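Okay, so here's the structure we're looking at.
The values are calculated or read from the model by the stated rules, or taken from the named source; none is laboratory data. This one's a predicted model, so the numbers in the text were calculated from it and none came from an experiment. In this analysis, Cβ positions are derived from the backbone assuming ideal geometry, glycine residues included, and neighbour counts consider all displayed protein chains. For accessibility, only protein heavy atoms count, side chains too; no ligands or nucleic acids. Shrake-Rupley method; radii C 1.70, N 1.55, O 1.52, S 1.80 Å.
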Amino acid sequence: MNKFILVFSIMFISTIISFAQDLSTKANLGKKYNWQNFDWREDKVLGASVNKTYNELLISRQSKKTIVVALISVGVDIKHPELAGKVWTNKKEIPNNSIDDDNNGYVDDINGWNFIGNAKGENIEYENYEYTRIYKLGKVDANYETAKKLYDKELEKRRKEKEYLKETAVKFLNSLAVVKEKTGRDIKKLEDLTGISTDDNALLGAIYYLRKMYLSGFSESELLRATDNNKIRLEKNLNLDFNPRDIIGDNTNDINDTHYGNPDVIGPNSGNGTSAAVIIAGIRNNELGIDGIATDVEIMSLRAIPKGDERDKDVALAINYAVNNGADIICMNFGKKISPQREFVDDAIKYAELKNVLIVRSAGDNAENLDQEVNFPTGIYPDKSKATNFICVGASRKSKGDSMVYVYSNYGQNYVDIFAPGAGIYSTDLNNEYSSHSGSGPAANVVAGIAALILSYHPELKPNELIDILLASSTDYKKRLVLKPSLNIWERETVKFETLCKSGGIINAYEAMKMADAGKVK
């Protein structure tokens, strides 16, 4: 197979957040699927030592406070059995009476708020990229030239992707057909190719191709998913005639225009938000799915992220809502290259900082150095000062070695604070199924969960103190040689881990709790 096509195909797969697995919601997924909670010395995986924390440090202790974690996401299935008793409820609001009982500006906001919907119950699922929106505005916008370059580059990439996917589909399906015709086998996975012995050149070629594809992580279902994602990008994210915001009718440039949205915090596709919530707060030791990290925690669902780029105004209002309604931690797993109303988000982060609310943000998954490349929201203000309540998280893998860093994770010795388990993290998906999720998003969820766990026992900690503890107690891999993240998986540079993040380590709940218990705060 052409090496370039293989690399391109693998890059397509890297944009897919998760892949569905045939796993029952009644299954106890056990150690294999809870590796983020395990310990390196005891379990030989690079987990965050969560179980060890419970077993050795918390066995006879009671938490002091229920921690509210606000998830700004695509939505959360608050009815999922893994989240029973773990969903934040606005006790000042009477459900479904169409009255703003607590006078907070949001009617019937029982479990949070949906900032990308309208009063009729209509919701935005897909959106343009930010640079698509700016490009449509024309040269009157100050960001036009930057937006045009980003738009043209992405459009060309996705058009090429479409053609390569067509070529790959033809060759992949033809190879399956050849094996079926000559052996009678239906090939679904790598193991199905085992034991085929032949001198037939056509069959040998098909087997070689399929083996290469399966070894790269490719499958028929992934091909279909990549094709669907490509279609969404071309028909929604990059479509200059697509205007989903029309159903809301607000002025996106006016932060004071807040009379929009609805109480539907689940939305049309809550898979990623639900998986994040369960990683943080899923019920532990119930023989159902995976074990979450924090026990005394509630999830506030703030739906503000579409399939495309979020609006700065929605993010800012979601942060403000979280702060005003009692959130202790805000978790954000999104980002973009241009932030036209950056001041809205910066002001909201400052407000959260003033109110001692921790913000956990995923670094992103473009294999970029964030010391050099901007990715909003940054937590860094125009005067170059950094918010003291803001922690940025990169993704690590299960196994120790030179490939312990997730290949597509963003990084940065100064900007990214810490790494956490983020590759192959099993959690919930749509239709009460489970799936594997990879990237800095799951890693940020792990950090948010650990932060909530520690804060529930030490609610006196300020965000900057908690961040200091998390970084100082991380498992030290500063001098370990690892492969630097890269979109070209065939050519990766070997670097010291300390060049990839500020702490030079992977989060460790056990050591962090010990440090908090000892009162060792800078």
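Which of the residues belonging to the range 37-90 are in a loop (DSSP other than H, G, I, E, B), under 20 Å from residue 453 (Cα atoms), among the small types (Gly, Ala, Ser) and under 24 Å from the mean Cα position of the chain (by Cα)?
Listed by number, the residues that qualify are 47, 48, 49, 84, 85.
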- Residue by residue through the range 349-373, note down the ones that are hydrophobic (A, V, I, L, M, F, W, C), part of a strand (DSSP E or B) and in contact with a Pro (Cβ under 9 Å, 6 or more places away or on another chain). 358, 359
- For residue 190, indicate whether it is at pLDDT below 95, open to solvent by 70 Å² or more (accessible area, probe 1.4 Å) and more than 24 Å from the chain's Cα centre (by Cα). no
- Task: Report whether or not residue 346 is within 30 Å of residue 145 (Cβ to Cβ), assigned to a loop (DSSP other than H, G, I, E, B) and either in contact (Cβ under 8 Å) with a residue 24 or more places away in the chain or among the polar types (S, T, N, Q) (or both).
- Result: no
- Query: What do you reckon, is residue 70 among the small types (Gly, Ala, Ser), closer than 26 Å to residue 463 by Cβ, touching a Leu at 6+ places or on another chain (Cβ under 6 Å) and crowded, with 19+ Cβ neighbours inside 10 Å?
  - Reply: yes
- Being open to solvent by 100 Å² or more (accessible area, probe 1.4 Å) and basic (Lys, Arg) is the filter; apply it to the range 130-159 and report the residue that is farthest from residue 366 (Cα to Cα). 139
- Message: Quick test of your reading of the structure: residue 466 fulfils all but one of (1) out of contact with any His (no Cβ under 9 Å at 6 or more places or on another chain); (2) closer than 25 Å to residue 55 by Cβ. Name the failing condition by number.
- Response: (1)
